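> Could you have a look at this structure, given as structure tokens, before my questions?
Read the figures in this text as sums done on the coordinates, not as results from a lab. Since the structure is predicted, the reported quantities are computational estimates derived from the model, not experimental observations. Cβ: placed from backbone, ideal geometry, glycine included. Neighbour counts: every protein chain shown.
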Amino acid sequence: MTLTDPASTVAGTGERARGRLFIGGIWRDASDGAVMDVISPATGRKVGEVARATTADVDDAVAAARAAFDSGAWSRLSSRERARILQRAYALMRERTEELAQAESLDVGKPITFARIVDVNNAAELYEFYASLGHHLDGDVRETTGNTHAYVKREPIGVVAAITPFNFPLILSSSKIAPALIAGNTIVHKPASDTPLSALIIADILQEAGVPDGVFNVVTGPGAALGDHLVGHPDVDKVAFTGSTEIGAHAAAIAGRTLKPFTAELGGNAANILFADADLNAAINTVISAFVFNSGQFCMAGPRLLVERPLYETVLGTLADALPHVPFGDPADEGTVIGPLASANQLEKVAAMVDRARAAGARIVTGGERAELGGGFFYRPTVIADVPNDAEVVAEEVFGPVLTVQAFDTEEEAIALANSTPYGLASGIQTADLAKAHRVAARLDAGITWVNGWALLDPSVPFGGVKASGWGRENGPEAMASYQRTHSIVFNLETGASA
Ligand code: NAP
């Protein structure tokens with residue numbers, strides 16, 4: 001498959017899908033026949049089309065999900081049977097790894113090797129993990145003080161609107177779909193307009209695995225036109241949103257009008273604290289992968305490096321030497337580590353932020369420029385030094401392959417700098433002193449902290465934000481709980497049940 005072959009996109013969206021909407025178990029065009037372009041970030045060229053849903057299509061998808069939920073065909077199926085179906089979906093994802101990886105690489109510009117070993121692998125493991133939880137969906141019996149017998153059931157919430165961003169379409173949809181499904185909910189999924197392809201393959205896989213019609217629906221189309229309608233829809237019972245803090249806050253307000261449960265995974269701007277006692281070679285590798293992975297378009301990236309002062313210039317010199325050698329270019333090449341940004345918009349945004357930092361007097365240690373490669377949206381990995389903590393490029397989420405480096409003198413100063421942005425998603429500590437690692441980790445405002453590594457993620461370990469990085473958690477049993485409501489059933493043991 002080549003990136004410039006439009007025919008490959010048809011294969012990339014699954015033979016049955018062909019870029020259509022998936023509603024009530026049926027592939028169909030948008031009600032007005034509209035389509036939107038799929039652009040390859042590696043070439044800037046159109047490689048296909050997908051349907052551009054209307055609000056009437058959203059209504060149809062929600063109605064299909066509502067009817068499927070109310071029928072009980074999924075919500076009242078035993079959780080073990082749901083688990084078997086999710087396990088089949090896992091197996092099908094493994095069988096279709098190459099198709100999923102190619103779609104993700106074509107759509108997002110991800111290096112194909114990472115698309116296979118990170119995106120498809122991690123997404124499949126989410127289905128496997130939540131399938132395993134389906135064998136243990138137990139409620140509790142509670143000890144009561146009165147003469148009552150009480151038990152607490154965990155029930156599905158209903159119709160879930162699952163909205164995902166452009167950067168990890170497959171993993172972030174899976175981290176919603178798998179726990180929502182195992183808990184018995186039905187779903188309307190809206191992927192990002194820039195990266196809709198893998199959602200269509202997943203719809204095909206779930207249908208083949210045996211998920212009943214209407215339980216999982218996909219509407220592709222612009223969030224600006226469809227988002228408020230979907231989030232505010234009276235038949236949507238819960239919203240699971242991943243995306244920017246700005247749109248997440250807007251969607252939360254819409255969901256709040258109808259008091260829907262709302263979970264949000266939002267922006268991040270993680271600090272990576274490098275202490276002078278760390279294993280420097282290992283730490284430099286961690287620092288690089290933390291900011292170049294997925295071209296920095298990673299909510300849990302580590303774009304703010306805080307270095308203990310004696311190492312500051314050494315670290316800058318090592319990064320300047322190393323980064324030009326990290327394989328950069330065509331994501332279809334097996335050896336590529338850094339591909340393009342996912343869209344022209346993202347490229348413009350990143351380039352403008354670096355230009356403003358340069359104009360304000362920051363030192364560009366390496367990078368700081370676009371790369372003219374085949375018309376794609378490429379930006380060279382960039383390291384910026386001598387920036388004040390309130391500089392835009394430090395304080396705000398850049399979401400590109402850009403690292404700022406600041407020096408600190410004391411543990412207290414490192415903690416203060418790390419916690420100084422409005423975000424609180426991830427953080428990292430590189431040190432050989434484990435007592436220090438525990439001490440500092442306990443004081444970082446973040447949903448997850450990695451010690452001597454980065455992005456050490458697992459389906460069983462929850463992640464999510466504090467402060468402006470969101471509400472709730474994904475992964476782990478915690479995510480499944482967010483797709484359940486409790487129902488307490490209490491018997492009076494003093495009046496007989498039989499009449
Ligand atoms: P975005 O612009 O906020 O879009 C996210 C999703 O929301 C897209 O599907 C978008 O649709 C949709 N949307 C747009 N307007 C909407 C509305 N009014 N109501 C409901 N949905 C609406 O985010 P993005 O640029 O795709 O992704 C990057 C952001 O996501 C970054 O801030 C990143 O940190 C964050 N993120 C967070 C996590 C996490 O786990 N915390 C993970 C990944 C990414 P369209 O695409 O059609 O506009």
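> In square nanometres, what is the average projected area of the Cα convex hull of the range 346-460?
Values: hull surface 35.9 nm².
About 9.0 nm², averaged over all directions.
> Now, a different point. Taking the Cβ-Cβ separation of Glu246 and Asn147 as r and a Förster radius of 60 Å, what is the calculated FRET efficiency to the nearest 0.05?
E(calc), rounded to 0.05, equals 0.65.
> Roughly how many debye, to the nearest 20, is the charge dipole of the chain about its Cα centre, given +1 on each Lys and Arg Cβ, -1 on each Asp and Glu Cβ, and no other charges?
Details: 39 positive and 59 negative charges, 181 e Å.
Using only the charged Cβ atoms, the result is roughly 880 debye.
> By the gyration tensor of its Cα atoms, with a ≥ b ≥ c the square roots of the eigenvalues, what is the shape of the range 97-221: rounded for a/c under 1.5, prolate for a/b over b/c, or oblate? Can you show the working numbers first?
On the way: a/c = 2.79, a/b = 2.24, b/c = 1.24.
It is prolate, given that a/c is not under 1.5 and a/b is the larger ratio.
> Could you compute the FRET efficiency for Asp390 and Thr258, with r as their C-beta to C-beta distance and R0 at 35 Å, rounded to 0.05?
Working: r = 38 Å, r/R0 = 1.10.
Between Asp390 and Thr258 the formula returns 0.35.
> Mind listing the Cα extents of the chain along all three principal axes, in Å, largest one first?
Taking max minus min along each principal axis of the Cα atoms, the chain gives 84, 61, 39 Å.
> Using amide H atoms built 1.01 Å from N in the peptide plane, name the residues 5+ places from Leu425, or on other chains, whose amide H lies under 5 Å from its own.
So Leu425 has HN proximity to Asn269, Gly447, Val466.
> Hey, what does the equivalent ellipsoid look like for the range 238-369, semi-axes from the Cα gyration tensor as sqrt of 5 times each eigenvalue, largest first, whole Å?
Details: eigenvalues 206, 71, 52 Å².
Calculated on Cα positions only, the semi-axes equal 32, 19, 16 Å.
> Okay, which of the range 275-290 sit inside 20 Å, backbone N to the point 7 Å along the Cα-Cβ direction of Thr410?
Once the point is set 7 Å along Cα→Cβ of Thr410, 275-277 turn out to lie under 20 Å by backbone N, inside the range 275-290.
> Short version: ³J(HN,Hα) in whole Hz for each residue of the range 413-424, in order, from phi by Karplus 6.51 cos²θ - 1.76 cosθ + 1.60 (θ = phi - 60°), x for Gly and Pro, what are they?
After applying 6.51 cos²θ - 1.76 cosθ + 1.60, I find 5, 4, 5, 5, 5, 4, 8, 7, 9, x, 8, x Hz.
> I'd like the Karplus ³J(HN,Hα) series for the range 199-205: coefficients 6.51, -1.76, 1.60, θ = phi - 60°, whole numbers in Hz, and an x wherever there's a Gly or Pro.
So the J values, rounded to whole Hz, are 4, 6, 5, 5, 4, 4, 5.
> Give a residue-ordered list of calculated ³J(HN,Hα) values for the range 135-151 (Karplus: 6.51 cos²θ - 1.76 cosθ + 1.60, θ = phi - 60°; whole Hz; x for Gly, Pro).
7, 9, 7, 8, x, 10, 9, 10, 6, 10, 7, x, 8, 10, 10, 10, 9
> Which of Asn269, Thr382, Val152 sits farthest toward the positive end of the charge dipole of the chain, with +1 on the Cβ of Lys and Arg and -1 on the Cβ of Asp and Glu?
Toward the positive end, the furthest listed residue is Val152.
> Inverting the mean 1/r over all pairs of different Cα atoms, compute the Kirkwood radius of the range 48-99 and quote it in Å. Provide the component values of the computation, followed by the final result.
Working: mean 1/r = 0.0729 Å⁻¹.
About 13.7 Å for the range 48-99.
> So how much slack lies between Thr55 and Asp277, counting 0.36 nm per residue of separation and subtracting their Cα-Cα distance, in nm?
Working it through step by step, the gained length comes to 74.3 nm.
> Given Cα pairs under 8 Å that are at least 6 residues apart, what percent is the relative contact order of the chain?
On the way: 1169 pairs, mean separation 90.9, N = 499.
So the answer I get is 18 percent.
> Percent of Cα-Cα pairs per 5 Å bin, from 0 to the last occupied bin, for the range 341-406, please list those.
With a bin width of 5 Å, the distribution comes to 3, 20, 32, 24, 12, 6, 2, 0.
> Further, regarding this structure: Could you give the dipole magnitude of the range 140-209 about its Cα centre, charging the beta-carbon of Lys and Arg +1 and that of Asp and Glu -1, in debye to the nearest 20? Show your work: numbers first, answer last.
Values: 5 positive and 6 negative charges, 35 e Å.
The calculated dipole for the range 140-209 is roughly 180 debye.
> Still on this structure: For Arg443 paired with Asp333, estimate the spin-label separation in nm (one decimal), with each label point 7 Å from Cα along the Cα-to-Cβ line.
In this crude label model, Arg443 to Asp333 measures out at 4.5 nm.
> Another question about this same structure. Tyr379's amide H: which non-local residues (gap 5+, or another chain) put their own amide H closer than 5 Å, with H modeled 1.01 Å from N in plane and none for Pro or chain starts?
Leu341, Ala371
> Of the GluC sites (Glu not before Pro) in the range 346-391, which ones lie in a loop per DSSP and count no more than 11 other C-beta atoms within 10 Å? Walk me through the numbers on the way to the answer.
Details: sites: Glu348, Glu369, Glu372; in loops: Glu369, Glu372.
In loop regions of the range 346-391 (DSSP not H, G, I, E or B), the sparsely surrounded GluC sites (Glu not before Pro) are Glu372.
> Please work out the Cα center distance from the range 338-361 to the range 40-106, rounded to the nearest Å.
Cα centroid to Cα centroid, the span is 33 Å.
> Sort 183-195, 469-481 by the packing proxy (mean of other Cβ within 10 Å over each peptide's residues), most packed first.
Numbers: 183-195: 26.0, 469-481: 21.3.
Answer by packing, highest mean first, reads 183-195, 469-481.
> Using amide H atoms built 1.01 Å from N in the peptide plane, name the residues 5+ places from Ile39, or on other chains, whose amide H lies under 5 Å from its own.
Under 5 Å from the amide H of Ile39: Val47.
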